[in-house]
Amino acid sequence: MTATAAKGELSSVARHIARSAAKLFAERGYDATSVREIVEAAGVAKPTLYYYFRSKEGLAQALLSVPLARLVATLRTLVTTEVDAIQCMQRVLEAHYSFCREDPDRARFIYSLLFGPRRSEVAGELEPFKVELTGWTDAAVRRLAEVGVIGRDRLDSCCAAFRGLIVVSTLDFLFDDRPLGQDLAARQMHEIVYGFGNGRGLEGPERDK
């Protein structure tokens, strides 16, 4: 890991280089993007990139490791400290969405690695984060089961459904220009908890079918 990545923060120049690189990585792929193209897009000299990141690999690590570690830490804190299980799940959804809104090109780069060729030099960097992000998201769903919001016998299906909800919502935002508003997580949780019907609910035998 580079010194810049290890510090967990970037200077304004380094952030500009990283954002320029993320855009190119997302559009062309990591392996197909050269250092020359990055510095030209950022309007800096090669030594400037090497000063902050040491290499293209170091730049990719700064784009991946530090932000994803921060997201994992956020999810861990929410799952272990938020008292209300529904609020916990809602805040976990919002954390994922906020991560994408914060830097859409970075998020597109991450998705390109997740769904792109496995042979990419930096794709392996994602695996530990993928495991932790999935684990803490599933842990929030388990809390819903613990308080009876969802049935324990439906836990695996609900975990898959919430992961799918996050992926579809963020992909729609990143690649189809659909909104990812700050109220989306709250609306989604309301619809999931109270149903997608007309709000009246079912009465009598129909409710139990």
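The values are calculated or read from the model by the stated rules, or taken from the named source; none is laboratory data. In this text the structure is predicted, and so the values were computed from the model without any measurement. In this analysis, Cβ positions are derived from the backbone assuming ideal geometry, glycine residues included, and neighbour counts consider all displayed protein chains.
Looking only at the stretch 135-158, decide whether some residue is closer than 24 Å to Gln61 by Cβ and of a type in the set (A, V, I, L, M).
There is no residue in the stretch 135-158 that is closer than 24 Å to Gln61 by Cβ and of a type in the set (A, V, I, L, M).
Under 7 Å by Cβ, and 6 or more places apart or on different chains, what pairs join a residue from the stretch 23-44 that is in contact (Cβ under 8 Å) with a residue 40 or more places away in the chain with one that is assigned to a helix (DSSP H, G or I) and of a type in the set (Ser, Thr, Tyr)?
As it stands, the answer is Phe25/Ser112; Ala26/Ser112; Gly29/Ser112, since those pairs meet every condition given.
Could you tell me which residue of the stretch 145-177 is farthest from Phe115 (Cα to Cα), considering only residues that are touching a residue at least 12 places away in the same chain (Cβ under 8 Å) and charged (D, E, K, R)?
It comes out as Glu146.
Among the residues of the stretch 68-104, write down those that are of a type in the set (Asp, Glu), assigned to a helix (DSSP H, G or I) and within 17 Å of Val141 (Cα to Cα).
Glu94
Being of a type in the set (Gly, Ala, Ser) and over 23 Å from the mean Cα position of the chain (by Cα) is the filter here; which residues of the stretch 13-45 pass it?
Step one: list which residues in the stretch 13-45 are of a type in the set (Gly, Ala, Ser), which gives 14, 18, 20-22, 26, 29, 32, 34, 41-43, 45.
Across the stretch 13-45, the qualifying residues are Ala32, Ser34, Ala41, Ala42, Gly43, Ala45.
Taking the stretch 112-122 only, how many residues are part of a helix (DSSP H, G or I) and buried (at least 17 other Cβ atoms within 10 Å of the Cβ)?
Going through the stretch 112-122, the residues part of a helix (DSSP H, G or I) turn out to be 112-115.
Checking the rest, the ones that are also buried (at least 17 other Cβ atoms within 10 Å of the Cβ) come to 112-113.
Qualifying residue count for the region: 2.
Quick grid of which residues meet (1) acidic (Asp, Glu); (2) farther than 17 Å from Gln87 by Cβ; (3) at pLDDT 90 or above; (4) out of contact with any helix residue (DSSP H, G or I) (no Cβ under 9 Å at 6 or more places or on another chain):
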position: Ile110; (1), (2), (3), (4): no, yes, yes, no
position: Leu113; (1), (2), (3), (4): no, yes, no, no
position: Glu127; (1), (2), (3), (4): yes, yes, no, yes
position: Glu146; (1), (2), (3), (4): yes, no, yes, no
position: Arg152; (1), (2), (3), (4): no, yes, yes, no
position: Thr170; (1), (2), (3), (4): no, yes, yes, no
position: Asp176; (1), (2), (3), (4): yes, yes, yes, yes
position: Ala185; (1), (2), (3), (4): no, no, yes, no
position: Gln188; (1), (2), (3), (4): no, no, yes, no
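Every residue, every condition in (1) crowded, with 17+ Cβ neighbours inside 10 Å; (2) part of a helix (DSSP H, G or I); (3) touching a Ser or Thr at 6+ places or on another chain (Cβ under 9 Å), yes or no:
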residue	(1), (2), (3)
Glu125	yes, yes, yes
Thr137	yes, yes, no
Val141	yes, yes, no
Ala145	yes, yes, no
Leu155	no, yes, no
Ala161	no, yes, no
Ile166	yes, yes, yes
Leu171	no, yes, no
Gly181	no, no, no
